[in-house]
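Okay, so here's the structure we're looking at.
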Amino acid sequence: MGLRRESRELALQVLYALDANPTVGIRETLQTFREEQDGVIPKVREFAEGLAQGVQEYREQIDSAIKARSKNWSLSRMPRVDLNVMRLAVYELMFRQDIPKKVSINEAIEIARKFGDKESPSFVNGILDEIETCAKTDEAGEAQ
């Protein structure tokens, strides 16, 4: 497994922990994460923490983008793993221009395959493809 995949999987764990215990903030969750993951390569940990912090910082915008593209699914009905995998990918799609969009989507699908149920990869792919398509349309409109 590549270092960035490992980072994304760790970030997913942090986001899942935040969802499971919303009264605990990102700082406390990251501190616990650091203590539990003391054997993780620093580069992996730093990228994972950056992703988790970025998702938390832009969570409203990320959740709005997911909600707008998820027909007949409220965020509260989505499986937590799927939702947090998508949050990571949408953060990368919307706010991390240094990461190719296809890489973000493919990584999300693979992580959903590993941690979600059998429907997760196609569910995650469908919503992320719509978000990417809308972003391309918006960029094309701005260029005109």
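No value in this document is a laboratory result; all are computed from the given coordinates. Just so it is clear, the structure is predicted and the values come from calculations on it, not from any experiment. Cβ: placed from backbone, ideal geometry, glycine included. Neighbour counts: every protein chain shown.
Given the criteria in contact (Cβ under 8 Å) with a residue 24 or more places away in the chain, crowded, with 19+ Cβ neighbours inside 10 Å and on the phi < 0 side of the Ramachandran plot, does I41 qualify?
So I41 does not fit the description; no.
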task = Return yes or no: is L15 part of a helix (DSSP H, G or I), in contact with a helix residue (DSSP H, G or I) (Cβ under 7 Å, 6 or more places away or on another chain) and either farther than 18 Å from S120 by Cβ or β-branched (V, I, T) (or both)?
result = no
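If I filter the range 80-99 down to residues being in contact with a helix residue (DSSP H, G or I) (Cβ under 8 Å, 6 or more places away or on another chain) and of a type in the set (D, E, K, R), which single residue comes out as surrounded by the most Cβ atoms within 10 Å (Cβ to Cβ)? Spell out how you get there, then give the answer.
Step one: of the range 80-99, the residues in contact with a helix residue (DSSP H, G or I) (Cβ under 8 Å, 6 or more places away or on another chain) are 80-96, 99.
Restricting the remaining residues to those that are of a type in the set (D, E, K, R) gives 80, 82, 87, 92, 96.
Details: R80: 13, D82: 23, R87: 27, E92: 24, R96: 14.
Among residues in the range 80-99 that are in contact with a helix residue (DSSP H, G or I) (Cβ under 8 Å, 6 or more places away or on another chain) and of a type in the set (D, E, K, R), the one surrounded by the most Cβ atoms within 10 Å (Cβ to Cβ) is R87.
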task = Just give me the residues in the range 73-113 being of a type in the set (F, W, Y) and assigned to a loop (DSSP other than H, G, I, E, B), in sequence order.
result = W73
Given (1) on the phi > 0 side of the Ramachandran plot; (2) buried (at least 16 other Cβ atoms within 10 Å of the Cβ), index of the condition N72 fails = (2)
